[in-house]
Amino acid sequence: MTWETVRLGDVADVISGATPKTDVSEYWGGSVAWATPAEISKLVDKYISRTERTLTQLGLASSGAKLLPPNSVLLSSRAPIGLVAINTVPMATNQGFKSLVPSERILPTYLYWWLESHTAVLQSRGRGATFLELSKSEVERVSLPLPPLPEQRRIAAILDEADALRALNQRQSEAIDSLVAAAFESVLTHSSGSLTTIAALVESSQYGTSAKAGPTGTYPILRMGNITSDGRIDLSDMKYINLEAKERSKYLVRSGDVLFNRTNSADLVGKTAVYREDEPRAFAGYLVRLRPKEPEFGDYVSGYLNSRVGKLTLRKMAKSIVGMANINAREVQAIRLPVPESTALKRFVAIREIADSQRRALAARTHELDALFASLQHRAFRGEL
């Protein structure tokens, strides 16, 4: 199938954004929505209907920014290049955008999906010494296939449906997380009211190795980036180190060990997860290994430190050193927490185990859906759907 190839500037007006002076109060807090790239990065779907900050009409006029009509396609042109969204209300943007107002020749949803699937192409056109930025003229020169409107509509509908399946999978994962969090809150609710310390629940603690990690080695090594903010261990980005036999007992984790991120930004210090794999892995110096006395104690310690109360405790006790927050092994073991009631804790562990099984199934499903979506995107704009 042969389609016309056009430039973006031929089928859409490219509009740059701007920012009014931030120290003039009369420019801010009005009725004009005003988007930033950071907000686009947080969207859960392709539409944006409200913004964190708004402008007054005076602020809009003073900045030189233009008000985009609904169903424009917002395209971030720096920091980073390639974030896209469709506005549902009239909206202005800051200078980090080269937004597109589609003509009657191209559907906003088709344009959105084409841009979303060609991020690498857009980024390759960025220029700049300090940071890459797309100019208005460069955006206008980008070429893309332009099928007839009915075909554009069909392609966009297929990609919308495939993306909706991915979103459903994500919502199911979030529902499982909420269930586990509620189950842990039940453990706290059913505690005796007396307090213990983390030190009383673990048999030992150990700082990780300072050995430099690389692409090869005898053992994969867990680093602070492998501990997620929601209390899991992400094994997708691994590096490796070599360990001598005498170091292995110190620097290897085993299933059931708790890993605590002792150094990070104020929001992320104290990330905690239980290692549940059979394969031995090393752990890096910014992590502390806590070996629980009983398997369920690992779940309890990790659950507490990742809970709302636990995170608040960690933020209060963290010390800032050269812009990073720090909590040492002695301090984390001194944290006081309720003595868990045995039956409630065992019930939580059982729920967590079922949840982990469901998460693995959802992760596999996510992988399949992402692969399907990538294939559909690739085929859609080649006329192969």
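The values are calculated or read from the model by the stated rules, or taken from the named source; none is laboratory data. Note that the coordinates shown come from a computational prediction; the quantities given were computed from them, not determined experimentally. Here Cβ is always computed from backbone atoms with ideal geometry, including for glycine, and neighbour counts include all displayed protein chains. We work out accessible area using only protein heavy atoms, side chains counted, and drop any ligands, DNA or RNA first. Shrake-Rupley method; radii C 1.70, N 1.55, O 1.52, S 1.80 Å.
Scanning the range 332-371 for residues that are more than 29 Å from the chain's Cα centre (by Cα) and part of a helix (DSSP H, G or I) gives Q333, S342, T343, A344, L345, K346, R347.
Any residue at all in the range 96-105 that is over 25 Å from A157 (Cα atoms), assigned to a loop (DSSP other than H, G, I, E, B) and more than 24 Å from the chain's Cα centre (by Cα)? No, that holds for no residue. Number of residues in the range 304-324 that are under 19 Å from D177 (Cβ atoms) and among the charged types (D, E, K, R): the value is 2. The set of residues in the range 169-214 that are outside any helix (DSSP H, G or I) and either within 28 Å of the chain's Cα centre (by Cα) or of a type in the set (K, R) (or both) comprises Y207, G208, T209, S210, K212, A213, G214.
Scan the range 257-299 for residues that are open to solvent by less than 70 Å² (accessible area, probe 1.4 Å) and closer than 22 Å to G225 by Cβ and report the count. The total comes to 29. Applying a threshold of 8 Å to beta carbon distances and a minimum spacing of six or more residues, or different chains, the list of pairs starting in the range 161-184 at a residue that is farther than 16 Å from R360 by Cα and ending at one that is crowded, with 16+ Cβ neighbours inside 10 Å and among the hydroxyl-bearing types (S, T, Y) reads A181/S307; F184/Y304; F184/S307. In summary, T19 fulfils each of the numbered conditions (1) in contact with a helix residue (DSSP H, G or I) (Cβ under 9 Å, 6 or more places away or on another chain); (2) part of a strand (DSSP E or B); (3) under 24 Å from S135 (Cβ atoms) with the single exception of condition (2).
Restricting A35, A18 to those that are under 22 Å from A85 (Cβ atoms), at pLDDT 95 or above, of a type in the set (A, V, I, L, M, F, W, C) and in contact with a Gly (Cβ under 6 Å, 6 or more places away or on another chain) reduces the list to A18. Filtering the range 22-49 to residues that are open to solvent by 20 Å² or more (accessible area, probe 1.4 Å) and part of a strand (DSSP E or B) leaves W28, G29, G30, S31, Y47.
How many residues are of a type outside the set (G, A, S), at pLDDT 95 or above and more than 21 Å from G29 (Cα to Cα) when one looks only at the range 56-80? Of the residues in the range 56-80, 4 are of a type outside the set (G, A, S), at pLDDT 95 or above and more than 21 Å from G29 (Cα to Cα). Within the range 50-64, does at least one residue satisfy the condition of being touching a Lys or Arg at 6+ places or on another chain (Cβ under 8 Å), of a type in the set (K, R), open to solvent by 20 Å² or more (accessible area, probe 1.4 Å) and under 26 Å from T22 (Cα atoms)? No, the range 50-64 has no match at all.
For the range 1-10, a residue qualifies if it is within 33 Å of the chain's Cα centre (by Cα) and assigned to a helix (DSSP H, G or I), and the qualifying residues are L8, G9. Against the conditions (1) in a helix (DSSP H, G or I); (2) open to solvent by less than 20 Å² (accessible area, probe 1.4 Å), A325 satisfies every one except (1).
Of all the residues in the range 53-76, those that are in contact with an Asp or Glu (Cβ under 6 Å, 6 or more places away or on another chain) and either farther than 16 Å from A33 by Cβ or charged (D, E, K, R) (or both) number 0. Residues being part of a helix (DSSP H, G or I) and surrounded by fewer than 16 Cβ atoms within 10 Å (Cβ to Cβ): count how many of those fall in the range 127-157. Residues that pass the stated criteria total 8. For the range 323-330, check the following and say yes or no: at least one residue is at pLDDT below 90 and either of a type in the set (A, V, I, L, M) or more than 27 Å from the chain's Cα centre (by Cα) (or both). Yes, the conditions are met somewhere in the range 323-330. Within the range 192-210, the set of residues being at pLDDT below 90 and closer than 19 Å to A334 by Cα comprises G193 only. When T119 is tested against the conditions (1) touching a Gly at 6+ places or on another chain (Cβ under 9 Å); (2) under 19 Å from L60 (Cβ atoms); (3) of a type in the set (V, I, T), the lone failure is (2).
Can you tell me which residue in the range 65-95 is surrounded by the fewest Cβ atoms within 10 Å (Cβ to Cβ), limited to those that are among the hydroxyl-bearing types (S, T, Y) and part of a loop (DSSP other than H, G, I, E, B)? For the range 65-95, the residue satisfying everything is T88.
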